[in-house]
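The values are calculated or read from the model by the stated rules, or taken from the named source; none is laboratory data. Only a predicted model underlies this, so the values are computations on that prediction, with no experimental measurement involved. Here the Cβ is made from the backbone with ideal geometry for all residues, glycine too, and neighbour counts use every protein chain on show.
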Ligand SMILES: [Cu+2]
């Protein structure tokens, strides 16, 4: 029962995210109440731990952008705020940010995997981590050898249209480019979920279906949480899960190219890269 309703929620969130992302000048506003955990040096982004946003997403800790740095200018970590979350086609941001109080910061959950894992450098072999794919098959990373791999890290419940759902859309665009270009026929797309609790193989398969992923070219992976975290960390992915609710995830974005020998080539930070840029790089590596 619980599982069923969980899937239903995931599905709903997916649909909302996709709907928000795809229907052109669609704009929604939601009220947000939460606590500022940290603020970027340029005051354009802050990590906010917030309460349920009725009709949009459950309580969560996530980075939120503002269009005008003024909005965050006088805030410090610990401040309690109210704000309006604006979700427009491909982005989300806060406006009308108001400080309503402050509270001591809770000690955040320790990252589940230990630190001390070095970032991969170009020329280094990617670890042969063991995963499970969307068809419930065990797959180690070496099973992608002989393909140039474009990899990214996501979770299907991610409610922010310019985070994981954007990675999915970009991968779908790249998939279409791969289909048309014979010189890229050996390129394989891999999306690793860092939410194994929710993203079971069945959920990933459903997600792949809703994206129109060609499973011969695009594989979705889940696995053991610590294995995923350690693997992801080598690419610069940082994942924090709330101690008493591990499905409350804060994360950044990394996308990377790995050559046919399983060697790390380069990575792309955040969500500002464009499919064209990566396709051009893939051509160099595949060629
Ligand atoms: Cu996300």
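Quick one: would you say residue 75 is touching a strand residue (DSSP E or B) at 6+ places or on another chain (Cβ under 7 Å) and either at pLDDT below 90 or part of a loop (DSSP other than H, G, I, E, B) (or both)? Against the criterion (touching a strand residue (DSSP E or B) at 6+ places or on another chain (Cβ under 7 Å) and either at pLDDT below 90 or part of a loop (DSSP other than H, G, I, E, B) (or both)), residue 75 qualifies. Name the one entry in 189, 184 that is more than 17 Å from residue 152 (Cα to Cα), at pLDDT 95 or above, buried (at least 16 other Cβ atoms within 10 Å of the Cβ) and away from the ligand (no atom under 16 Å from the Cβ). Just a single option satisfies the conditions, and that option is 184. Would you call residue 205 within 16 Å of the ligand (Cβ to nearest atom) and either in contact (Cβ under 8 Å) with a residue 60 or more places away in the chain or in contact with a helix residue (DSSP H, G or I) (Cβ under 9 Å, 6 or more places away or on another chain) (or both)? No; evaluated as a whole, the condition is false for this residue. On inspection, residue 214 qualifies as assigned to a loop (DSSP other than H, G, I, E, B), out of contact with any strand residue (DSSP E or B) (no Cβ under 7 Å at 6 or more places or on another chain) and surrounded by fewer than 20 Cβ atoms within 10 Å (Cβ to Cβ). When you check residue 132 against the structure, is it within 21 Å of residue 247 (Cβ to Cβ) and away from the ligand (no atom under 16 Å from the Cβ), yes or no? So residue 132 passes the test.
Among the residues of region 46-62, those that are buried (at least 18 other Cβ atoms within 10 Å of the Cβ) and within 14 Å of the ligand (Cβ to nearest atom) comprise 47, 57, 60, 61, 62. With respect to the conditions (1) under 18 Å from residue 176 (Cα atoms); (2) surrounded by 15 or more Cβ atoms within 10 Å (Cβ to Cβ), residue 277 falls short on a single one, namely (2). None of 256, 232 is within 15 Å of the chain's Cα centre (by Cα), at pLDDT 95 or above and away from the ligand (no atom under 16 Å from the Cβ) except 256. Considered as a group, the residues in region 145-171 that are under 23 Å from residue 252 (Cβ atoms) and more than 16 Å from the ligand (Cβ to nearest atom) include one that is surrounded by the most Cβ atoms within 10 Å (Cβ to Cβ), and that residue is 150. Scanning region 198-211 for residues that are surrounded by fewer than 17 Cβ atoms within 10 Å (Cβ to Cβ) and farther than 25 Å from residue 179 by Cβ yields a count of 1.
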